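Notes for the one structure printed next.
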(Lines give C-alpha, C1' and ligand atoms only; values in the text may rest on other atoms or scores of the structure.)
Protein backbone atom coordinates (compact mmCIF):
# COMPACT_ATOMS: atom_id res chain seq x y z
CA UNK A 1 0.00 0.00 0.00
CA UNK A 2 1.23 3.48 -0.85
CA UNK A 3 -1.14 5.97 0.69
CA UNK A 4 0.11 9.42 -0.09
CA UNK A 5 1.72 11.73 2.42
CA UNK A 6 4.24 14.52 2.37
CA UNK A 7 7.33 12.62 3.39
CA UNK A 8 5.71 10.77 6.25
CA UNK A 9 8.98 8.97 6.82
CA UNK A 10 10.00 12.28 8.33
CA UNK A 11 6.55 13.42 9.33
CA UNK A 12 5.01 10.56 11.27
CA UNK A 13 5.38 12.34 14.57
CA UNK A 14 3.05 13.84 17.10
CA UNK A 15 -0.67 13.57 16.64
CA UNK A 16 -2.97 16.49 17.23
CA UNK A 17 -3.77 15.01 20.62
CA UNK A 18 -0.23 15.64 21.86
CA UNK A 19 -0.33 19.41 22.20
CA UNK A 20 0.93 19.23 25.76
CA UNK A 21 4.19 17.84 24.47
CA UNK A 22 4.22 20.31 21.60
CA UNK A 23 3.81 23.27 23.94
CA UNK A 24 6.63 21.96 26.05
CA UNK A 25 8.86 21.81 22.99
CA UNK A 26 7.91 25.32 21.93
CA UNK A 27 8.61 26.66 25.40
CA UNK A 28 12.09 25.17 25.33
CA UNK A 29 11.48 22.46 27.90
CA UNK A 30 13.63 19.35 27.70
CA UNK A 31 11.21 16.65 26.64
CA UNK A 32 13.43 14.16 24.87
CA UNK A 33 11.10 14.20 21.83
CA UNK A 34 11.70 15.06 18.20
CA UNK A 35 12.12 18.69 17.10
CA UNK A 36 8.69 19.88 16.04
CA UNK A 37 7.01 23.20 15.39
CA UNK A 38 3.83 24.35 13.66
CA UNK A 39 4.45 25.93 10.28
CA UNK A 40 3.99 29.71 10.12
CA UNK A 41 0.54 30.93 9.09
CA UNK A 42 2.11 32.56 6.05
CA UNK A 43 4.31 29.91 4.49
CA UNK A 44 7.75 30.86 3.12
CA UNK A 45 7.70 32.66 -0.24
CA UNK A 46 3.91 32.93 -0.36
CA UNK A 47 1.73 36.02 -0.15
CA UNK A 48 -1.90 36.83 0.51
CA UNK A 49 -2.94 37.07 -3.16
CA UNK A 50 -1.74 33.51 -3.82
CA UNK A 51 -4.59 32.14 -1.70
CA UNK A 52 -7.15 32.92 -4.43
CA UNK A 53 -7.61 30.95 -7.67
CA UNK A 54 -7.81 34.15 -9.70
CA UNK A 55 -4.16 34.89 -9.00
CA UNK A 56 -3.15 31.65 -10.74
CA UNK A 57 -5.80 31.91 -13.46
CA UNK A 58 -4.22 35.19 -14.51
CA UNK A 59 -0.89 33.41 -15.09
CA UNK A 60 -2.35 30.91 -17.56
CA UNK A 61 -1.95 31.79 -21.26
CA UNK A 62 -5.24 30.04 -22.12
CA UNK A 63 -7.27 29.68 -18.89
CA UNK A 64 -10.53 28.80 -20.66
CA UNK A 65 -9.17 26.39 -23.24
CA UNK A 66 -10.82 22.97 -22.96
CA UNK A 67 -7.99 20.53 -22.29
CA UNK A 68 -10.05 17.38 -22.83
CA UNK A 69 -13.59 17.21 -24.19
CA UNK A 70 -16.00 14.49 -22.94
CA UNK A 71 -14.85 12.02 -25.59
CA UNK A 72 -11.18 12.54 -24.71
CA UNK A 73 -11.99 12.14 -21.01
CA UNK A 74 -13.78 8.88 -21.78
CA UNK A 75 -10.68 7.63 -23.62
CA UNK A 76 -8.47 8.76 -20.73
CA UNK A 77 -10.62 6.85 -18.24
CA UNK A 78 -10.66 3.72 -20.39
CA UNK A 79 -6.88 3.74 -20.44
CA UNK A 80 -6.69 4.12 -16.65
CA UNK A 81 -9.15 1.25 -16.13
CA UNK A 82 -8.50 -1.19 -18.95
CA UNK A 83 -4.93 -0.61 -20.10
CA UNK A 84 -3.20 0.46 -16.89
CA UNK A 85 -5.52 -1.45 -14.54
CA UNK A 86 -5.26 1.28 -11.90
CA UNK A 87 -9.03 1.60 -11.27
CA UNK A 88 -11.24 -1.49 -11.00
CA UNK A 89 -14.20 -2.15 -13.27
CA UNK A 90 -16.60 -3.61 -10.73
CA UNK A 91 -19.02 -4.78 -13.39
CA UNK A 92 -16.28 -7.04 -14.81
CA UNK A 93 -15.39 -8.88 -11.60
CA UNK A 94 -15.77 -12.62 -12.27
CA UNK A 95 -18.74 -14.32 -10.69
CA UNK A 96 -18.09 -16.69 -9.02
CA UNK A 97 -14.84 -15.45 -7.49
CA UNK A 98 -12.02 -17.91 -6.79
CA UNK A 99 -11.73 -18.58 -3.05
CA UNK A 100 -7.97 -19.25 -3.17
CA UNK A 101 -7.40 -15.79 -4.65
CA UNK A 102 -9.31 -14.17 -1.81
CA UNK A 103 -7.37 -16.15 0.81
CA UNK A 104 -4.11 -14.89 -0.68
CA UNK A 105 -5.46 -11.31 -0.73
CA UNK A 106 -6.32 -11.47 2.96
CA UNK A 107 -3.13 -13.16 4.18
CA UNK A 108 -0.59 -11.08 2.26
CA UNK A 109 -1.06 -7.79 4.19
CA UNK A 110 -0.93 -9.65 7.50
CA UNK A 111 2.51 -10.99 6.64
CA UNK A 112 3.72 -7.61 5.39
CA UNK A 113 2.49 -5.46 8.24
CA UNK A 114 3.99 -7.69 10.94
CA UNK A 115 7.42 -6.85 9.53
CA UNK A 116 6.93 -3.13 10.23
CA UNK A 117 7.33 -3.32 14.04
CA UNK A 118 4.35 -1.08 14.70
CA UNK A 119 2.83 0.24 17.95
CA UNK A 120 -0.64 -0.04 19.44
CA UNK A 121 -2.53 3.02 20.70
CA UNK A 122 -1.01 2.60 24.19
CA UNK A 123 2.49 2.96 22.72
CA UNK A 124 3.36 -0.72 23.18
CA UNK A 125 4.32 -3.34 20.60
CA UNK A 126 1.50 -5.77 19.76
CA UNK A 127 1.60 -9.00 21.73
CA UNK A 128 1.64 -12.23 19.67
CA UNK A 129 -1.91 -12.79 20.88
CA UNK A 130 -2.95 -9.63 19.04
CA UNK A 131 -1.78 -11.04 15.72
CA UNK A 132 -3.39 -14.40 16.40
CA UNK A 133 -6.70 -12.72 17.24
CA UNK A 134 -6.46 -10.64 14.08
CA UNK A 135 -5.77 -13.68 11.93
CA UNK A 136 -8.67 -15.59 13.48
CA UNK A 137 -11.03 -12.74 12.63
CA UNK A 138 -10.03 -12.99 8.96
CA UNK A 139 -12.15 -16.15 9.03
CA UNK A 140 -10.01 -17.84 6.38
CA UNK A 141 -11.38 -21.31 7.08
CA UNK A 142 -14.85 -20.16 6.05
CA UNK A 143 -13.78 -19.12 2.53
CA UNK A 144 -15.30 -21.57 0.01
CA UNK A 145 -13.52 -22.71 -3.14
CA UNK A 146 -15.81 -20.50 -5.20
CA UNK A 147 -17.51 -17.34 -3.93
CA UNK A 148 -20.83 -16.07 -5.20
CA UNK A 149 -20.67 -12.30 -5.43
CA UNK A 150 -22.90 -10.15 -3.28
CA UNK A 151 -23.53 -6.49 -3.94
CA UNK A 152 -23.57 -3.67 -1.43
CA UNK A 153 -24.05 0.08 -1.11
CA UNK A 154 -22.46 2.35 1.48
CA UNK A 155 -25.16 4.04 3.56
CA UNK A 156 -22.95 6.41 5.61
CA UNK A 157 -19.41 7.75 5.35
CA UNK A 158 -17.29 4.70 6.16
CA UNK A 159 -13.66 3.87 6.91
CA UNK A 160 -12.10 1.04 4.96
CA UNK A 161 -9.54 -0.92 6.96
CA UNK A 162 -6.72 -3.27 5.99
CA UNK A 163 -7.92 -5.73 8.65
CA UNK A 164 -11.30 -6.28 10.33
CA UNK A 165 -10.50 -4.22 13.39
CA UNK A 166 -10.84 -0.65 14.64
CA UNK A 167 -7.63 -1.01 16.67
CA UNK A 168 -4.84 1.39 15.75
CA UNK A 169 -1.28 0.54 14.72
CA UNK A 170 1.23 3.35 14.20
CA UNK A 171 4.81 3.63 12.98
CA UNK A 172 5.73 5.75 16.03
CA UNK A 173 4.35 5.44 19.56
CA UNK A 174 0.96 7.14 20.03
CA UNK A 175 1.10 8.79 16.61
CA UNK A 176 -2.60 8.05 16.17
CA UNK A 177 -3.18 10.48 13.29
CA UNK A 178 -1.31 8.02 11.07
CA UNK A 179 -3.04 4.69 11.56
CA UNK A 180 -1.26 2.10 9.41
CA UNK A 181 -4.46 0.05 9.26
CA UNK A 182 -6.46 2.87 7.64
CA UNK A 183 -6.83 2.13 3.93
CA UNK A 184 -9.47 4.44 2.46
CA UNK A 185 -12.89 5.97 3.06
CA UNK A 186 -16.15 5.80 1.13
CA UNK A 187 -18.93 8.35 0.76
CA UNK A 188 -22.66 7.66 0.83
CA UNK A 189 -23.81 5.69 -2.19
CA UNK A 190 -20.48 4.05 -3.05
CA UNK A 191 -21.11 0.64 -4.70
CA UNK A 192 -19.04 -2.32 -3.45
CA UNK A 193 -18.76 -6.03 -4.14
CA UNK A 194 -18.95 -8.15 -0.96
CA UNK A 195 -16.70 -11.21 -0.87
CA UNK A 196 -16.42 -12.28 2.76
CA UNK A 197 -17.36 -11.69 6.41
CA UNK A 198 -15.16 -11.66 9.49
CA UNK A 199 -15.45 -14.33 12.16
CA UNK A 200 -17.12 -11.87 14.55
CA UNK A 201 -19.63 -11.02 11.76
CA UNK A 202 -19.05 -7.30 12.28
CA UNK A 203 -16.99 -6.65 9.12
CA UNK A 204 -17.27 -7.31 5.39
CA UNK A 205 -14.38 -7.57 2.97
CA UNK A 206 -15.31 -5.59 -0.13
CA UNK A 207 -13.95 -4.61 -3.51
CA UNK A 208 -14.49 -1.04 -4.72
CA UNK A 209 -13.32 0.85 -7.77
CA UNK A 210 -10.35 2.44 -5.99
CA UNK A 211 -9.42 -0.01 -3.23
CA UNK A 212 -10.28 -3.21 -1.41
CA UNK A 213 -10.52 -3.81 2.33
CA UNK A 214 -12.75 -4.28 5.36
CA UNK A 215 -15.78 -2.13 6.20
CA UNK A 216 -18.05 -2.27 9.21
CA UNK A 217 -21.09 -4.30 8.25
CA UNK A 218 -23.45 -1.66 9.69
CA UNK A 219 -22.42 0.77 6.93
CA UNK A 220 -23.34 -1.59 4.07
CA UNK A 221 -26.77 -2.29 2.60
CA UNK A 222 -26.91 -5.59 0.69
CA UNK A 223 -28.73 -5.20 -2.62
CA UNK A 224 -29.52 -7.13 -5.78
CA UNK A 225 -27.48 -6.45 -8.90
CA UNK A 226 -30.15 -4.27 -10.51
CA UNK A 227 -30.40 -1.83 -7.60
CA UNK A 228 -26.62 -1.84 -7.25
CA UNK A 229 -26.13 -0.84 -10.89
CA UNK A 230 -28.33 2.22 -10.34
CA UNK A 231 -25.50 3.54 -8.19
CA UNK A 232 -22.64 2.15 -10.27
CA UNK A 233 -23.99 3.73 -13.47
CA UNK A 234 -26.60 6.26 -12.36
CA UNK A 235 -29.06 8.01 -14.65
CA UNK A 236 -29.92 11.67 -14.15
CA UNK A 237 -26.99 12.12 -11.80
CA UNK A 238 -25.54 15.13 -10.05
CA UNK A 239 -22.01 15.51 -8.68
CA UNK A 240 -20.92 17.38 -5.56
CA UNK A 241 -18.82 20.39 -6.57
CA UNK A 242 -18.28 21.98 -3.15
CA UNK A 243 -15.76 20.82 -0.55
CA UNK A 244 -18.57 19.08 1.34
CA UNK A 245 -22.29 18.90 0.66
CA UNK A 246 -24.86 18.30 3.39
CA UNK A 247 -27.39 15.54 2.73
CA UNK A 248 -30.89 15.88 4.17
CA UNK A 249 -33.90 13.56 4.26
CA UNK A 250 -36.52 16.25 3.62
CA UNK A 251 -36.94 18.94 0.93
CA UNK A 252 -36.93 21.65 3.61
CA UNK A 253 -33.39 20.47 4.44
CA UNK A 254 -33.89 20.24 8.20
CA UNK A 255 -33.40 16.47 8.81
CA UNK A 256 -29.64 16.03 8.47
CA UNK A 257 -28.35 12.66 7.26
CA UNK A 258 -24.63 12.95 6.42
CA UNK A 259 -22.30 14.86 4.13
CA UNK A 260 -20.54 13.95 0.90
CA UNK A 261 -17.14 15.14 -0.28
CA UNK A 262 -16.34 16.87 -3.55
CA UNK A 263 -16.73 14.61 -6.58
CA UNK A 264 -19.34 12.28 -5.04
CA UNK A 265 -22.04 11.37 -7.60
CA UNK A 266 -25.72 10.85 -6.79
CA UNK A 267 -28.20 9.24 -9.18
CA UNK A 268 -31.94 9.59 -9.52
CA UNK A 269 -31.74 13.38 -9.52
CA UNK A 270 -35.32 14.67 -9.84
CA UNK A 271 -37.52 17.47 -8.54
CA UNK A 272 -34.83 20.11 -8.85
CA UNK A 273 -36.31 23.03 -6.97
CA UNK A 274 -34.92 26.49 -6.34
CA UNK A 275 -33.18 25.38 -3.13
CA UNK A 276 -32.86 21.57 -3.15
CA UNK A 277 -32.43 18.72 -5.59
CA UNK A 278 -33.85 15.30 -4.81
CA UNK A 279 -31.54 12.26 -5.26
CA UNK A 280 -31.61 8.54 -4.60
CA UNK A 281 -29.98 7.42 -1.36
CA UNK A 282 -29.30 3.88 -0.16
CA UNK A 283 -31.01 2.97 3.08
CA UNK A 284 -30.60 -0.14 5.23
CA UNK A 285 -33.36 -2.09 6.94
CA UNK A 286 -33.11 -4.11 10.17
CA UNK A 287 -31.85 -7.14 8.23
CA UNK A 288 -29.15 -5.14 6.47
CA UNK A 289 -30.98 -5.11 3.14
CA UNK A 290 -31.10 -2.17 0.76
CA UNK A 291 -34.12 0.10 0.80
CA UNK A 292 -34.66 3.15 -1.39
CA UNK A 293 -34.87 6.52 0.26
CA UNK A 294 -34.89 10.09 -0.96
CA UNK A 295 -32.15 12.53 -0.13
CA UNK A 296 -31.90 16.26 -0.71
CA UNK A 297 -28.85 18.38 -1.46
CA UNK A 298 -28.56 22.12 -1.85
CA UNK A 299 -28.76 23.10 -5.53
CA UNK A 300 -25.62 25.22 -5.24
CA UNK A 301 -23.57 22.27 -3.94
CA UNK A 302 -23.96 20.08 -7.03
CA UNK A 303 -23.74 20.14 -10.81
CA UNK A 304 -25.95 18.09 -13.15
CA UNK A 305 -23.11 17.71 -15.67
CA UNK A 306 -19.34 17.31 -15.56
CA UNK A 307 -17.58 20.65 -15.39
CA UNK A 308 -15.66 21.73 -18.53
CA UNK A 309 -12.03 20.64 -18.09
CA UNK A 310 -10.25 24.00 -18.30
CA UNK A 311 -7.39 25.42 -16.18
CA UNK A 312 -9.76 28.02 -14.71
CA UNK A 313 -12.30 25.48 -13.53
CA UNK A 314 -9.68 23.11 -12.08
CA UNK A 315 -8.05 25.92 -10.13
CA UNK A 316 -11.42 27.09 -8.81
CA UNK A 317 -12.25 23.57 -7.64
CA UNK A 318 -8.82 23.09 -6.01
CA UNK A 319 -9.08 26.32 -4.04
CA UNK A 320 -12.46 25.32 -2.60
CA UNK A 321 -10.40 22.88 -0.53
CA UNK A 322 -7.73 25.38 0.52
CA UNK A 323 -6.96 24.98 4.25
CA UNK A 324 -8.97 21.73 4.49
CA UNK A 325 -7.30 19.56 7.17
CA UNK A 326 -5.08 16.67 6.17
CA UNK A 327 -6.60 13.22 6.76
CA UNK A 328 -4.40 10.12 6.37
CA UNK A 329 -6.41 7.63 4.30
CA UNK A 330 -9.52 9.78 4.79
CA UNK A 331 -9.31 9.78 8.59
CA UNK A 332 -11.62 12.25 10.35
CA UNK A 333 -13.66 12.69 7.17
CA UNK A 334 -10.88 14.57 5.40
CA UNK A 335 -8.45 13.68 2.59
CA UNK A 336 -4.78 13.02 1.96
CA UNK A 337 -2.79 14.27 -1.02
CA UNK A 338 -4.00 11.72 -3.58
CA UNK A 339 -7.63 11.91 -2.43
CA UNK A 340 -7.38 15.70 -2.76
CA UNK A 341 -6.68 15.24 -6.47
CA UNK A 342 -9.36 12.54 -6.87
CA UNK A 343 -11.98 14.87 -5.44
CA UNK A 344 -11.01 17.75 -7.72
CA UNK A 345 -10.82 15.80 -10.98
CA UNK A 346 -13.95 13.75 -10.28
CA UNK A 347 -15.97 16.93 -10.86
CA UNK A 348 -14.74 16.81 -14.48
CA UNK A 349 -15.52 13.11 -14.91
CA UNK A 350 -11.82 12.21 -14.76
CA UNK A 351 -10.97 9.00 -12.88
CA UNK A 352 -7.69 8.92 -11.00
CA UNK A 353 -6.27 5.93 -9.07
CA UNK A 354 -6.32 5.85 -5.28
CA UNK A 355 -2.66 6.34 -4.37
CA UNK A 356 0.05 8.74 -5.40
CA UNK A 357 2.31 6.05 -6.86
CA UNK A 358 -0.40 4.99 -9.31
CA UNK A 359 -1.39 8.57 -10.06
CA UNK A 360 2.21 9.10 -11.21
CA UNK A 361 1.50 6.64 -14.06
CA UNK A 362 -1.39 8.52 -15.67
CA UNK A 363 -1.50 11.29 -18.23
CA UNK A 364 1.22 12.43 -20.61
CA UNK A 365 4.55 12.22 -18.82
CA UNK A 366 6.64 15.19 -19.96
CA UNK A 367 9.74 13.79 -18.31
CA UNK A 368 10.83 11.38 -15.59
CA UNK A 369 13.72 12.50 -13.39
CA UNK A 370 16.64 10.67 -11.86
CA UNK A 371 18.36 11.66 -8.62
CA UNK A 372 20.96 13.44 -10.73
CA UNK A 373 18.49 15.70 -12.58
CA UNK A 374 19.20 19.29 -11.58
CA UNK A 375 16.61 21.51 -9.95
CA UNK A 376 17.10 24.30 -12.53
CA UNK A 377 16.31 21.81 -15.32
CA UNK A 378 13.07 20.75 -13.56
CA UNK A 379 12.04 24.36 -12.94
CA UNK A 380 12.73 25.28 -16.58
CA UNK A 381 10.65 22.33 -17.83
CA UNK A 382 7.72 23.33 -15.61
CA UNK A 383 7.84 26.97 -16.72
CA UNK A 384 8.04 25.98 -20.39
CA UNK A 385 5.61 23.05 -20.72
CA UNK A 386 3.52 22.46 -17.59
CA UNK A 387 -0.13 23.56 -17.59
CA UNK A 388 -1.37 25.15 -14.39
CA UNK A 389 -4.30 23.15 -13.00
CA UNK A 390 -3.72 20.18 -15.29
CA UNK A 391 -0.23 19.00 -14.31
CA UNK A 392 0.49 16.48 -11.57
CA UNK A 393 3.82 16.63 -9.73
CA UNK A 394 4.61 13.20 -8.23
CA UNK A 395 7.23 12.59 -5.56
CA UNK A 396 8.00 9.45 -3.62
CA UNK A 397 4.94 9.07 -1.38
CA UNK A 398 3.40 12.42 -2.27
CA UNK A 399 1.77 14.25 -5.17
CA UNK A 400 0.92 17.88 -5.92
CA UNK A 401 -1.02 19.98 -8.43
CA UNK A 402 1.05 22.52 -10.37
CA UNK A 403 -0.20 26.12 -10.22
CA UNK A 404 2.29 28.21 -12.16
CA UNK A 405 5.56 30.07 -12.07
CA UNK A 406 6.22 33.31 -10.15
CA UNK A 407 9.57 35.07 -10.55
CA UNK A 408 11.19 31.85 -11.73
CA UNK A 409 9.77 29.79 -8.84
CA UNK A 410 7.30 26.94 -9.51
CA UNK A 411 4.31 26.72 -7.14
CA UNK A 412 1.85 23.96 -6.30
CA UNK A 413 -1.27 23.36 -4.21
CA UNK A 414 -1.34 20.13 -2.24
CA UNK A 415 -2.66 18.46 0.89
CA UNK A 416 0.42 18.09 3.03
CA UNK A 417 1.51 17.14 6.52
CA UNK A 418 4.72 19.14 6.81
CA UNK A 419 8.29 19.88 5.76
CA UNK A 420 11.76 19.87 7.25
CA UNK A 421 14.00 22.85 7.81
CA UNK A 422 17.79 22.98 7.66
CA UNK A 423 18.07 22.74 11.45
CA UNK A 424 16.07 19.50 11.49
CA UNK A 425 12.83 21.01 12.80
CA UNK A 426 9.68 19.52 11.36
CA UNK A 427 7.23 22.25 10.41
CA UNK A 428 3.69 20.86 10.47
CA UNK A 429 1.26 22.34 7.92
CA UNK A 430 -1.51 19.70 8.21
CA UNK A 431 -3.79 21.16 5.53
CA UNK A 432 -4.24 21.99 1.86
CA UNK A 433 -1.77 24.77 1.14
CA UNK A 434 -0.07 26.74 -1.61
CA UNK A 435 3.71 26.37 -1.47
CA UNK A 436 6.64 26.98 -3.74
CA UNK A 437 8.74 23.95 -4.60
CA UNK A 438 11.83 25.14 -2.76
CA UNK A 439 10.06 24.24 0.50
CA UNK A 440 12.34 21.95 2.50
CA UNK A 441 15.53 23.13 0.80
CA UNK A 442 18.78 22.46 2.65
CA UNK A 443 17.11 19.78 4.75
CA UNK A 444 18.34 16.19 4.68
CA UNK A 445 15.59 15.17 2.25
CA UNK A 446 15.90 18.29 0.14
CA UNK A 447 13.31 20.54 -1.47
CA UNK A 448 10.07 19.47 -3.06
CA UNK A 449 11.61 20.32 -6.42
CA UNK A 450 14.66 18.17 -5.77
CA UNK A 451 12.45 15.21 -4.84
CA UNK A 452 10.18 15.59 -7.87
CA UNK A 453 10.08 12.30 -9.85
CA UNK A 454 8.15 13.31 -12.97
CA UNK A 455 5.85 15.86 -14.56
CA UNK A 456 2.47 14.50 -15.76
CA UNK A 457 0.00 16.53 -17.83
CA UNK A 458 -3.54 15.15 -17.76
CA UNK A 459 -4.34 14.52 -21.41
CA UNK A 460 -5.38 11.49 -23.50
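The values are calculated or read from the model by the stated rules, or taken from the named source; none is laboratory data. Since the structure is predicted, the reported quantities are computational estimates derived from the model, not experimental observations. Quick reminder, even Gly has a Cβ in these numbers, built from the backbone with ideal geometry, and neighbours come from all protein chains shown.
A few comments on the model shown:
- Verdict on residue 374 being over 21 Å from the mean Cα position of the chain (by Cα), over 29 Å from residue 332 (Cα atoms) and modelled with pLDDT of 95 or more: yes
- Condition met for residue 282 (modelled with pLDDT of 95 or more and surrounded by fewer than 21 Cβ atoms within 10 Å (Cβ to Cβ)): no
- In the set 332, 326, 296, only one residue is without any contact (Cβ under 8 Å) to a residue 60 or more places away in the chain and closer than 30 Å to residue 176 by Cα; that residue is 332.
- Only one entry in 300, 333 is closer than 14 Å to residue 243 by Cα and outside the structural domain of residue 384 (by TED's automatic domain parsing), namely 300.
- Filtered by the rule that a residue be within 13 Å of residue 220 (Cβ to Cβ) and either part of a loop (DSSP other than H, G, I, E, B) or touching a helix residue (DSSP H, G or I) at 6+ places or on another chain (Cβ under 7 Å) (or both), the stretch 172-196 gives 188, 189, 190, 191, 193, 195, 196.
- Per the listing 155, 192, the residue uniquely assigned by TED's automatic domain parsing to the domain that holds residue 286 and farther than 19 Å from residue 88 by Cα is 155.
- One residue from 352, 382, 392, 401 being crowded, with 19+ Cβ neighbours inside 10 Å and over 23 Å from the mean Cα position of the chain (by Cα): 382
- Selection of the stretch 76-104 for residues being touching a residue at least 24 places away in the same chain (Cβ under 8 Å), under 23 Å from the mean Cα position of the chain (by Cα), over 30 Å from residue 434 (Cβ atoms) and in a helix (DSSP H, G or I) yields 79, 81, 90, 91.
- Residue within the stretch 441-452 that is in the same structural domain as residue 322 (by TED's automatic domain parsing), within 30 Å of residue 304 (Cβ to Cβ) and touching a strand residue (DSSP E or B) at 6+ places or on another chain (Cβ under 9 Å) present: no
- Single residue of 71, 106, 102, 84 found to be surrounded by fewer than 15 Cβ atoms within 10 Å (Cβ to Cβ) and closer than 30 Å to residue 171 by Cβ: 84
- Enumeration of residues in the stretch 296-318 that are surrounded by 23 or more Cβ atoms within 10 Å (Cβ to Cβ) and in contact with a strand residue (DSSP E or B) (Cβ under 7 Å, 6 or more places away or on another chain): 296, 297, 302, 309, 318
- The set of residues in the stretch 11-59 that are within 27 Å of the chain's Cα centre (by Cα), in a loop (DSSP other than H, G, I, E, B), at pLDDT 50 or above and farther than 20 Å from residue 448 by Cβ contains only 52.
- Within the stretch 355-368, the residues that satisfy the criterion of being surrounded by 19 or more Cβ atoms within 10 Å (Cβ to Cβ) and over 23 Å from residue 182 (Cβ atoms) are 362, 363.
- Which numbered condition residue 420 misses (of (1) in contact with a strand residue (DSSP E or B) (Cβ under 8 Å, 6 or more places away or on another chain); (2) surrounded by fewer than 24 Cβ atoms within 10 Å (Cβ to Cβ); (3) under 22 Å from residue 325 (Cα atoms); (4) modelled with pLDDT of 95 or more): (4)
- Some residue of the stretch 185-196 being within 21 Å of residue 131 (Cβ to Cβ), crowded, with 22+ Cβ neighbours inside 10 Å and free of Cβ contacts under 8 Å to residues at least 60 places away in the same chain: no
- For the stretch 241-274, a residue qualifies if it is out of contact with any helix residue (DSSP H, G or I) (no Cβ under 7 Å at 6 or more places or on another chain) and not in a loop (DSSP other than H, G, I, E, B), and the qualifying residues are 244, 246, 247, 248, 256, 257, 258, 259, 260, 265, 266, 270.
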